[in-house]
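Each remark here refers to the structure printed beneath this line.
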């Protein structure tokens, strides 16, 4: 059964650990993440970008796949299915399709428009028992065509959005999507501390979890981050394991590749990556 992310994140905030959001792109990724969460007794959030949802056949197909895997694999840890960086219309479509958690990314709108659109979604999500993530201050890099320069959020604007009743807040603190450049200045903990003070007990979200040094991850958690997103690291580990398998020339025999064998190394690589992150975030045995 899919659940809202609200309870798992409130527990994480109070317990000074973070729940990992791992983005999914196909059945193998989803199965690897769910099995790893179960093996480590960790709550987990499955992130789906609008582009990934389209790639996998549509939001109803994603919901059906995830629910089927939870049932057939006997997954008993809390699992939230979450729209990542959703547009206003995308959020509505995912709500209709059966997602249990939604992110509306209004960070690229003027704050007044961000507030207006978020307000409407707060009411809908509250009525349906869904969790809702909002964003202030765009995250650097590109995520499904939304480009951000790695802005630091205005703590006062964060409070305005938090006061609308969202479940969790993503605040830009110099983090970016994708691999971090060598000249990256690091996270702005001054901004994070100011935001945390303004929003109180609300769980905060750290996007761009790939490549952030462990000490920064732990400090961010100590300052109120209860959800950390990981996507690029899974993509890289999956691609590298698959590349090595192909270059080894296995499974040719004149018949081409067996897709089940071709994807197996990537499946195991994602499991290893997810386990490592769950241990770093402190979510193991917290289900």
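Check whether at least one residue in segment 278-286 is buried (at least 16 other Cβ atoms within 10 Å of the Cβ) and within 22 Å of residue 134 (Cα to Cα), and report yes or no. Yes; the residues of segment 278-286 include at least one that is buried (at least 16 other Cβ atoms within 10 Å of the Cβ) and within 22 Å of residue 134 (Cα to Cα). Here are some conditions: (1) more than 24 Å from residue 8 (Cα to Cα); (2) modelled with pLDDT of 95 or more. Residue 109 meets all but one. Which one does it not meet? So residue 109 meets the others, but not (2). Residue 66: in contact (Cβ under 8 Å) with a residue 60 or more places away in the chain, assigned to a helix (DSSP H, G or I) and in contact with a strand residue (DSSP E or B) (Cβ under 7 Å, 6 or more places away or on another chain), yes or no? Criteria met by residue 66.
Residues checked against (1) surrounded by 20 or more Cβ atoms within 10 Å (Cβ to Cβ); (2) closer than 23 Å to residue 132 by Cβ:
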{"residue": "8", "(1), (2)": "yes, yes"}
{"residue": "16", "(1), (2)": "no, no"}
{"residue": "19", "(1), (2)": "yes, yes"}
{"residue": "24", "(1), (2)": "yes, yes"}
{"residue": "29", "(1), (2)": "yes, no"}
{"residue": "42", "(1), (2)": "yes, yes"}
{"residue": "45", "(1), (2)": "yes, yes"}
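Here is a check on your reading of the model: is residue 36 touching a helix residue (DSSP H, G or I) at 6+ places or on another chain (Cβ under 8 Å) and surrounded by fewer than 18 Cβ atoms within 10 Å (Cβ to Cβ)? It is false that residue 36 is touching a helix residue (DSSP H, G or I) at 6+ places or on another chain (Cβ under 8 Å) and surrounded by fewer than 18 Cβ atoms within 10 Å (Cβ to Cβ).
Counting only residues that are in a loop (DSSP other than H, G, I, E, B) and either touching a residue at least 12 places away in the same chain (Cβ under 8 Å) or within 15 Å of residue 136 (Cβ to Cβ) (or both), segment 180-199 holds 4 of them.
In this entry, residue 221 passes the filter for residues that are out of contact with any strand residue (DSSP E or B) (no Cβ under 7 Å at 6 or more places or on another chain), part of a helix (DSSP H, G or I) and at negative phi. Considering segment 1-56, the qualifying helices (runs of 4 or more DSSP H), each wholly inside and each with 1 or more residues that are without any contact (Cβ under 8 Å) to a residue 60 or more places away in the chain and under 16 Å from the mean Cα position of the chain (by Cα), run over 27-39, 50-55. Scanning segment 154-179 for residues that are in a loop (DSSP other than H, G, I, E, B), at pLDDT below 95 and closer than 23 Å to residue 21 by Cα yields 172, 174, 175, 177, 178, 179.
The values are calculated or read from the model by the stated rules, or taken from the named source; none is laboratory data. Worth saying up front: this structure is predicted, and the values here are computed from it rather than measured. No Cβ is skipped: glycine too gets one built from the backbone with ideal geometry, and neighbour counts run over all protein chains shown.
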